[in-house]
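Computed from the coordinates by the stated procedures, all read-outs in this text should not be read as laboratory data. Remember, it's a predicted structure, so these values are computed and weren't measured experimentally. Here the Cβ positions follow ideal geometry from the backbone for every residue, glycine too, while neighbour counts run over all protein chains shown.
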Amino acid sequence: MSARLPLWLVVPLVVSGVVAVGAAGQTTTSSTAANARKTDARPFELTVDSIMRGPALVGYPPTGLRWSGDSQTLYFEWRQRGEDESSTWAVSKDGGDLRRLTDEERKSAPPDDGVWDRARRRVLAAQDGDIVVIDSVTRERRPITRTTEREENPRWARNDTHVTFTRNNNLFIVPLETGSIVQLTDVKPKKREPRETPSQKFLKEEERKLLQYTRQQADRKKKREEREKQDALPVFELEERQAIGDAMLSPDDAHVFLLVTDRPEGARTADVANYVTETAYTETVAARPKVGDAQQRRRLAVLNLETGKSVWAEAGFAGQAEPRTTTNVSDGDHDGAQTSSKPTPREVRWNMPVFGADGRIAATTARSVDNKNRWIVTVDPDTGRTRTLDELRDEAWVREINAGSSRVSLDWMPDGRRVWFLGEHDGWMHVYVVDATEPGAKPRALTSGRFELTAASLAPDKTKFYLTSTERHPGERHLYVMPIEGGARTMMTSMTGAHAAEVSPDESTVGMVYSYSNKPPDVYVMPNRASAEAKRVTTSTTDEWRSFGWADPELVQFRARDGVLVYARLYTPEMMGKRRDSARPGVVFVHGAGYAQNAHKYWSTYFREYMFHNLLASRGYVVLDVDYRGSAGYGRDWRTSIYRHMGGKDLEDIVDAAAYLAKDHKVDPGRIGVYGGSYGGFITLMSMFTSPDTFAAGAALRPVTDWAHYNQGYTSNILNEPQDDPDAYRQSSPIYFADRLKGALLICHGMVDTNVHFQDSVRLVQRLIELRKENWELAVFPVENHGFEQETSWADEYKRILRLFERNLRNK
């Protein structure tokens, strides 16, 4: 291996006169002359430099759709090319009068993360540390606070006539009529009385016995403290390292629910070095703890505003934790000894409750810290006692999702007796209801089948649900409407692809962000009826991008070694107007994020890779983009098939994908490469190390090389914790298999990566050096975090990938 970072140039390849299949399925020809007639833009040049302009070429997707209270205006956020941040845009319900709001108008537009009142007219928000309320119809903005302190967690109270918020661990309430702020709680550090020595205690007692004056002073102090206590706010005392993450007033005004966080003692944060700085000195960026280290606790307390007493929500439903067996590190001469702890109550992480229309019952969710259980419970605010409404147990890990525009995965039905929630009880994410007033009531499924719900919300009229699901196809997302008690679902959207929809408050119109495989996301509006024609509102892409005939990748399935069908996106030279050659090179792409989906019929968040695959196909490569085991969209069994072994079934799918290319698409089995970033970089390393005869070359971008160095939330779900399950970590971490490397390996990593730390690649490099491996290179990017931002970094990285493939696959 050469110590230098090679610099080289890629000769630009200009592709024109290509053939592509459009969204409607028709074949369209795109030539330079034809493009010139359609647009004034210069013909697009398919080069790495051109592709890696990214959003400067394809634009930024609109986000944050929300309607005004009168359903006349649809707002959204949209960042323009060459700008550093998004602006707020507005369009009328018929799709006309699209305009960008001025900075002053934007202040009075409903925010995309606000809390709406019951009438769905006014919206609360925390902006720049202050609380504001905005009337979305009159567009009046009213500041509730304007202080140097930071106010958060705004909520409506007392039938939407008051507003509550938190500041410095305490809860405050403001009547909108007067605007006067009232503090409801006195949350403060627990007072610790100084501990008296025996000598001090003796002298104090003798002084009271001997001197009447000291007795009188003590009596006066006691009476003064009693008077102050009667007039004092209800007190909640925090232990050391505790803080209030959130606080809310119960609808009966009698209780405050407090989400109490405990900072872990002894936890160590892994820091990241930043070498390119304004000061010219190396600076340190605090990143995160590593998996298995002490983690933050989150508990739920309830403070009675009348009595001043507080209780903790009881977690007896969780039972006892299994004795913890820890494998001690071997010293080389002796095997690692194992020690077991005594059983202890299972720890859970609580969420804030939701209340029904009458405000009588508080329902909330709790999740075990070992990720195996999720409970829905009611909480008695006076005693802290809980009653379980639903339990979801998964021997791998429980999956929970945010329920789309409702921003909850648990809420009350209109009858005030039942709660609805999303759960994976039958192996697929569906809607359930359970009666919270009847002990022992069983949840009832409102939807079922081998498809996933990705969003759910009650309709404004409370008679039906709006659902977004994969019911039509795993690679599509459509809006459905369903009666509130379940039953037949009506598909409202009809265009092939994905629809992120927002229904207007009067339910007359649907605003949505729609995309297709080769059509980036844009805003559309349509009447709220099944299969109504949608009107396009925005055009995010440039004329230059639209002048090219981008491939519509074929969605295929291949059979893995265990007989399971695996979805993938296929790019071929024929899609780019090239002839079908025999024994051609192939590339398998591995998407990142672990739990993500990329073999679908809508625009990919990996849009640079999509364009890069067009370039590879234009050069004669066949590219396969695989939704390996563990990817999203295919149910619980698919998701959990990587439990305790990342680099097991998921890796087998990637290796089998290479065999599929060779068997069905005339790819030379000796000229196949693999690449991907993050989790995709991890799988690339596992491919190159554990299946070295399958792939001639691989590019691992910002890869996880040792899972014991990644984060808690993601890793402990799948592999448990390293001190408890070391075998799972060792069999899942590429660094343990580096001795098997044969093919050409390129490693690329940003040095300021606060997600997968640059240290991951550094440790692997040291391992490769110690193993005396030579056929590898490391490219570092000094100013980049996990997601690259600089166009030049993207271009440099992908030129290196292309060069790797050209040297080892195309010209082999």
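Near residue 420, the amide H atoms lying under 5 Å from its own belong to 411, 412, 413; only residues 5 or more places off or on other chains count, and H is placed 1.01 Å from N. Taking the Cα centre of the stretch 672-802 as origin and assigning +1 to Lys and Arg Cβ atoms and -1 to Asp and Glu Cβ atoms, the resulting dipole is close to 400 debye.
Let me check against my output: what whole-number percent is the relative contact order of the stretch 118-228, with C-alpha pairs under 8 Å and at least 6 apart? Write down the numbers at each step before the final one.
Values: 137 pairs, mean separation 13.7, N = 111.
Relative contact order for the stretch 118-228 comes out at 12 percent.
For the stretch 469-541, a crude dipole built from +1 on the beta carbon of Lys and Arg and -1 on the beta carbon of Asp and Glu, taken about the Cα centre, is about 260 debye to the nearest 20.
Between the alpha-carbon centres of the stretch 652-716 and the stretch 93-126 there is a gap of 45 Å.
Along the stretch 92-98 the Karplus relation, 6.51 cos²θ - 1.76 cosθ + 1.60 evaluated at θ = phi - 60°, assigns HN-Hα couplings of 6, 5, 8, x, x, 6, 5 Hz to successive residues, with x for each Gly and Pro. Suppose the Debye formula is applied to equal point scatterers at every Cα of the stretch 513-584; what is log10 I(q)/I(0) at q = 0.16, 0.19, 0.25, 0.26 Å⁻¹? With no solvent term, the Cα-only Debye profile gives -0.85, -0.96, -1.13, -1.16.
Across all directions, the average flat footprint of the convex hull enclosing the Cα atoms of the stretch 409-545 is 9.0 nm². With 24 Å as the limit on Cα-Cα distance, the pairs of 188/372; 188/209; 107/188; 578/666 that go past it are 188/372; 188/209; 107/188.
With the simple model of a label 7 Å out from the Cα in the direction of the Cβ, residue 441 to residue 200 spans 5.7 nm. Between residue 215 and residue 252, the simple spin-label model (points 7 angstrom out along Cα→Cβ) gives 4.6 nm. Setting aside same-chain residues fewer than 8 positions from residue 223, which lysines have a Cα under 16 Å from its Cα? Counting by Cα, and skipping residues close in sequence, residue 223 has no lysines nearby. Compared with the dominant Cα axis of the chain, that is its longest principal axis, helix 791-805 is turned about 50°. The stretch 471-486 and the stretch 742-758 have Cα centres separated by 40 Å. Across the stretch 58-68, rounded Karplus estimates of 3J(HN,Hα) from the backbone phi angles (6.51 cos²θ - 1.76 cosθ + 1.60, θ = phi - 60°) give 8, x, 9, x, x, 9, x, 5, 7, 9, 6 Hz, Gly and Pro being marked x. In this structure the amide hydrogen of residue 479, modeled in the peptide plane, comes within under 5 Å of the amide hydrogens of 492, 493, none closer than 5 places in sequence on its chain. Residues in the stretch 106-121 carry Karplus couplings, in order, of 4, 4, 9, 8, x, x, 7, 10, x, 10, 8, 7, 5, 6, 6, 10 Hz; the curve used is 6.51 cos²θ - 1.76 cosθ + 1.60 with θ = phi - 60°, and Gly or Pro positions show x. For the stretch 544-676, the extents of the C-alpha atoms along the principal axes are 44, 33, 20 Å, listed from largest to smallest. Axis angle, to the nearest 10 degrees, between helix 607-618 and the longest C-alpha principal axis of the chain: 10 degrees. Bridges between two residues of the chain, per DSSP, are antiparallel at a rate of about 80%.
If you take the Cα centroid of the stretch 529-580 and the Cα centroid of the stretch 227-301, the two points sit 45 Å apart. Given DSSP loops and a limit of at most 11 other Cβ atoms within 10 Å, what is the longest stretch of the chain that contains no such chymotrypsin sites (Phe, Trp or Tyr not before Pro)? In the chain, the maximal stretch lacking such sites is 282-812. In this structure, the amide hydrogen of residue 538, modeled 1.01 Å from its nitrogen in the peptide plane, lies closer than 5 angstrom to those of 523, counting only residues at least 5 positions away or on a different chain.
For the stretch 159-249, state which trypsin sites (Lys or Arg not before Pro) are in a DSSP loop and have at most 13 other beta carbons lying within 10 Å of their beta carbon. Provide the component values of the computation, followed by the final result.
Working: sites: 167, 190, 191, 192, 195, 201, 204, 208, 209, 215, 220, 221, 222, 223, 224, 227, 229, 241; in loops: 190, 191, 192, 195, 241.
Qualifying residues, ordered by number: 190, 191, 192, 195, 241.
About its Cα centre, how strong a charge dipole does the chain have in debye, to the nearest 20, once Lys and Arg get +1 and Asp and Glu get -1 at the Cβ? The partial results should precede the final answer.
Values: 111 positive and 115 negative charges, 96 e Å.
In total the dipole reaches around 460 debye.
What ratio of Cα Rg to 2.2 N^0.38 Å holds for the stretch 730-812? Working shown, then result.
Details: Rg = 13.8 Å, N = 83, 2.2 N^0.38 = 11.8 Å.
The value comes to 1.17.
Legend: translational diffusion of the stretch 639-743 by Stokes-Einstein, Rh = Kirkwood radius over C-alpha pairs, 37 °C, 0.692 mPa s; D = 234 µm²/s.
Our summary of shape: the Cα atoms of the stretch 706-773 have principal axis extents of 33, 28, 17 Å, ordered from largest down, in whole angstrom. Take the Cα of residue 127, step 7 Å toward its Cβ, do the same at residue 81, and the gap between the two points is 3.0 nm. Simple rule: put +1 on each Lys or Arg Cβ and -1 on each Asp or Glu Cβ in the chain, find the dipole, and look at 752, 198, 718; the Cα lying farthest toward the positive end is 718. Overall size of the chain from C-alpha positions, given as principal axis extents largest first: 106, 76, 58 Å.
Radius of gyration over Kirkwood radius for the stretch 125-279, both on Cα atoms: the Rg/Rh ratio is 1.16. Starting from a Cα-only point model with no solvent, please compute log10 I(q)/I(0) by Debye for the stretch 65-127 at q = 0.24, 0.29 1/Å. Here the Debye-derived log intensity ratios amount to -1.09, -1.36. Considering only 491, 428, 560, the residue lying farthest towards the positive end of the dipole of the chain is 560, judged by Cα position with unit charges set on Cβ.
Relative to the longest principal axis of the Cα atoms of the chain, the long axis of helix 198-210 lies at roughly 30 degrees.
Give me the percent of DSSP beta bridges within the stretch 138-248 that run antiparallel, rounded to the nearest 5. Don't skip to the end; give the middle numbers.
On the way: 13 of 17 bridges.
Once the DSSP bridges in the stretch 138-248 are tallied, antiparallel ones form about 75 percent.
Dividing the C-alpha radius of gyration of the stretch 621-692 by 2.2 N^0.38 Å, with N its residue count, gives 1.11. Taking the Cβ of residue 682 as the center, what net charge do the other residues with Cβ under 12 Å away carry, scoring Lys and Arg +1 and Asp and Glu -1? Cβ neighbours under 12 Å give a net charge of -2.
Taking every alpha-carbon pair within the stretch 675-790, the share separated by more than 23 Å comes to 25 percent.
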